[in-house]
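Novice: Below is a structure I'd like to ask you about.
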Amino acid sequence: MRMTNATMFARVLASDAGCNGRFFFGVTSTGIYCLPACRAKKPKEKNIRFFPTVEAARAAGLRACKKCHPDDFARGADPVLETVEALVAEVRANPAAFADAAAIVRRSGFGTTRVFELFRQHYHTTPADLLLRARLDAAKCALRGGDAPLATIAADAGFESLSVFHGNFRRLNGLTPAAYRGLREARGFTVALPDGYLLGYLRRALSRDAHSLTERMEGDVYTSAVQLSTGPVLLTLRLAPEQIQVEVERGSPTRSAENAPGRRVPPSDSLAVEAHALVVGLLGLDQDATAFGRLAKRLGLARLVAERQELRITQTPSVFDGLLWAIIGQQINLSFARVLMRRLIEHVSGPLAGELYAPPTPAAVAALEPHDLLARQFSRQKAGYLIATARLIAGGQLDLAALRAMSATRAERTLLAVRGLGAWSVNYLMMRALGFADCLPLGDTGVTSGLQSLLRLDERPDFDATRRLMAVFAPHRSLATAHLWQLNQPIPV
Ligand SMILES: [Zn+2]
């Protein structure tokens with residue numbers, strides 16, 4: 001779709017980073033060309049010219065701007081992003097070397113405001129929060145790997161005291177460090193829920209598809225077949241107001257698991273460790289629901305969070321599950337997407353226990369041919385995208401596990417480069433499967449109708465208006481999206 005000059009000029013005035021790469025602009029009075037997001041002084045309309053590429057701008061006799069580096073962008077290089085990523089890698093490798101957020105700022109070489117802006121843009125969080133999570137990850141690694149005293153582990157990870165370590169560990173993981181260490185030999189565990197946790201919304205999320213082949217909700221018992229690194233297991237969650245009891249049971253191997261080539265087999269005692277990480281995502285324990293609730297109220301939008309301030313985004317059991325939903329769910333209604341998903345599962349997977357099937361693996365989907373899916377009412381395009389993406393993963397060109405550790409910006413670019421994944425699917429996947437906090441699935445009808453109702457707009461906002469209206473929720477746009485999806489739904493009991 002070609003943009004008009006007037007639209008492009010408006011994007012330049014808005015410093016719209018989403019338009020970077022879609023066009024470049026030159027300023028005849030200064031002789032330079034820039035990215036749409038350039039923060040330099042805005043040119044007068046009569047002096048501006050637009051170019052599809054940097055080569056076209058150079059051919060017109062213009063030079064690259066030294067502020068926004070349009071040539072680097074065009075080459076795919078992004079030196080500021082690379083600097084931030086290197087800094088975060090340093091923090092994660094040795095969190096104890098950074099006493100606090102100020103230490104991260106000092107190490108960065110940027111000013112405080114700029115560092116906060118960069119962490120928000122590229123990691124959807126603050127330096128202090130990223131540091132806390134790096135410490136907890138370091139501690140978890142130590143807890144899984146050895147028997148050092150808890151005080152030593154806390155100090156090595158950089159925690160100022162054992163009680164700070166304990167409090168944060170329990171809040172974000174639902175169990176104590178000692179209980180986490182015990183997972184190595186466990187077949188089950190109990191996760192404590194934070195105050196005000198919305199069990200009704202969790203129940204709704206877990207029982208959304210009554211005909212699902214992989215999960216089932218009966219009363220307060222949720223059973224789900226999931227893929228862990230060693231193969232499929234059966235998870236059973238017993239829901240209660242203050243805690244969730246989890247049991248992990250190894251399923252009999254299915255066709256797909258046997259066929260998976262090069263499957264890495266970790267020691268079997270790590271089943272509960274892996275299941276715990278999955279359950280934390282399912283419950284959304286590591287999301288900052290409280291901060292979002294405060295923000296919504298501060299914005300005068302208490303109705304958005306009324307009676308569900310603690311709402312969390314239920315993460316898909318695996319990134320591949322999220323990817324299947326993101327591709328299958330494009331441009332069709334949810335009930336037909338569920339039908340297609342069931343047909344895919346029946347075709348590539350087998351029953352694990354009772355009537356529950358193991359979810360499809362990338363290897364199993366990669367082995368399909370388009371006609372297998374066309375016969376099951378998939379469109380030619382969807383079938384092509386699913387198989388091609390599964391082959392990228394099975395062939396090692398797309399590493400789903402690595403996405404979580406990437407900056408949000410890098411993860412987004414990596415996923416956008418996959419054919420068949422557009423801006424909506426990528427942002428959906430990032431918020432539902434990768435846990436990024438500031439995603440906006442632009443074009444989502446639940447978001448636009450939610451905004452229209454919340455803000456009493458005469459009509460549904462278009463792309464630009466949606467982007468502008470959602471900007472106030474940064475860096476919590478994923479939770480804002482989840483709340484907008486629930487806005488006109490009945491409150492669950
Ligand atoms: Zn510039």
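Novice: Just give me the residues in the range 10-45 being within 15 Å of the ligand (Cβ to nearest atom) and within 19 Å of ALA465 (Cα to Cα), in sequence order.
Specialist: Initial filter on the range 10-45 (within 15 Å of the ligand (Cβ to nearest atom)): 11-17, 19-21, 23-43.
Matches in the range 10-45: ARG11, VAL12, LEU13, ALA14, SER15, ASP16, ALA17, CYS19, ASN20, PRO36, ALA37.
Novice: Out of LEU484, LEU416, LEU451, LEU457, I need the residue that is surrounded by 18 or more Cβ atoms within 10 Å (Cβ to Cβ) and free of Cβ contacts under 8 Å to residues at least 60 places away in the same chain. Which one?
Specialist: Numbers: LEU484 fails: free of Cβ contacts under 8 Å to residues at least 60 places away in the same chain; LEU416 fails: surrounded by 18 or more Cβ atoms within 10 Å (Cβ to Cβ); LEU457 fails: surrounded by 18 or more Cβ atoms within 10 Å (Cβ to Cβ).
Answer to the check: LEU451.
Novice: Sticking with this one: In the list ALA74, ALA101, which residue meets the criterion of being buried (at least 17 other Cβ atoms within 10 Å of the Cβ) and either of a type in the set (Val, Ile, Thr) or touching a residue at least 40 places away in the same chain (Cβ under 8 Å) (or both)?
Specialist: ALA74
Novice: Mind listing just one residue for me: the one in the range 53-88 that is at pLDDT below 95, charged (D, E, K, R) and over 30 Å from the mean Cα position of the chain (by Cα) and, of those, farthest from the ligand (Cβ to nearest atom)?
Specialist: GLU55
Novice: Being within 21 Å of GLU412 (Cα to Cα) and not hydroxyl-bearing (Ser, Thr, Tyr) is true for just one of PHE25, PHE9, PHE73, PHE50. Which residue is that?
Specialist: Working: PHE25 fails: within 21 Å of GLU412 (Cα to Cα); PHE9 fails: within 21 Å of GLU412 (Cα to Cα); PHE50 fails: within 21 Å of GLU412 (Cα to Cα).
The unique qualifying residue is PHE73.
Novice: Would you kindly identify the helices (runs of 4 or more DSSP H) lying entirely within the range 334-451 that contain at least 2 residues that are more than 30 Å from LEU487 (Cβ to Cβ)? Step through it out loud before you land on a result.
Specialist: Working: elements: 334-348, 362-366, 370-374, 380-394, 400-403, 408-416, 423-432.
Because the criterion is at least 2 residues that are more than 30 Å from LEU487 (Cβ to Cβ), the helices (runs of 4 or more DSSP H) in the range 334-451 that meet it are 334-348, 362-366, 370-374, 380-394, 400-403, 408-416.
Novice: Of all residues in the range 109-137, which are farther than 20 Å from PHE436 by Cα and either crowded, with 20+ Cβ neighbours inside 10 Å or of a type in the set (A, V, I, L, M, F, W, C) (or both)?
Specialist: Restricting attention to the range 109-137, the residues satisfying the condition of being farther than 20 Å from PHE436 by Cα are 109-114.
PHE110, the sole residue that qualifies.
Novice: Something else: Can you tell me which residue is surrounded by the fewest Cβ atoms within 10 Å (Cβ to Cβ) among those in the range 221-231 that are over 17 Å from ALA205 (Cβ atoms) and more than 23 Å from the chain's Cα centre (by Cα)?
Specialist: THR230
The values are calculated or read from the model by the stated rules, or taken from the named source; none is laboratory data. Predicted model only: the values in this text are computed from it and were never measured. For neighbour counting, all protein chains shown are included, and Cβ atoms are generated from backbone atoms with ideal geometry for every residue, glycine included.
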